[in-house]
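Student: Okay, handing you the structure first.
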Amino acid sequence: MSSLTLIFKKDPIVSLQGQPVLLFNQQHETLLEALEFKKIKLFSECRSGYCGACKTRVLSGKVSYLTPPLASLEADECLPCCCVPETNLNLDLSPDGVQVVTRPAHLLQKTLLLD
């Protein structure tokens, strides 16, 4: 009898300076679209034909590109307009005014009881 191994890939969590703000679950085509949906302030001119304006410093994590970036990037930078998170991602963007992701109180209480 052969064994079947199922591999599930966890959706990446995107954080801003360590504060989790969204679960990237493919509802948006790019990281930029997901950030804009959450009302995260990020200057971009991508739709106006200027590449590189949305360049963002990655504190930790990895992205993959849907199309090759046109702007030059350092090793710790990404272009959210044309990438998606591969792993949990921590970006050097301000979390001010953004609702952070937290566990609902009823789940937090269950977790504390189990510990």
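FYI, it's all coordinate maths here, none of it is from the lab. Bear in mind that the values here come from a model prediction, so they are computed numbers and not experimental data.
Student: Below 18 Å, Cα to Cα, which aspartates and glutamates can K55 reach? Residues fewer than 8 away in the same chain don't count.
Tutor: E29, E33, E36, E45, E74, D76, E77, E86, D92
Student: Could you work out the relative contact order of region 1-74, using alpha carbon pairs under 8 angstrom and six or more residues apart, expressed as a whole percent?
Tutor: Reported relative contact order: 15 percent.
Student: Now for a different question. Need one word for region 29-101: rounded, prolate or oblate. Basis is the Cα gyration tensor (sqrt eigenvalues a ≥ b ≥ c); a/c below 1.5 gives rounded, then a/b vs b/c decides.
Tutor: Oblate shape, in that a/c is at least 1.5 and b/c is the bigger or equal ratio.
Student: Please label the shape of region 1-61 as rounded, prolate or oblate, based on the square roots a ≥ b ≥ c of the eigenvalues of the alpha-carbon gyration tensor (a/c under 1.5 means rounded; beyond that, a/b larger than b/c means prolate, else oblate).
Tutor: Prolate, because a/c is 1.5 or more and a/b exceeds b/c.
Student: I'd like the Karplus ³J(HN,Hα) series for region 19-30: coefficients 6.51, -1.76, 1.60, θ = phi - 60°, whole numbers in Hz, and an x wherever there's a Gly or Pro.
Tutor: The phi angles translate into 9, x, 10, 7, 9, 7, 10, 6, 6, 10, 5, 10 Hz.
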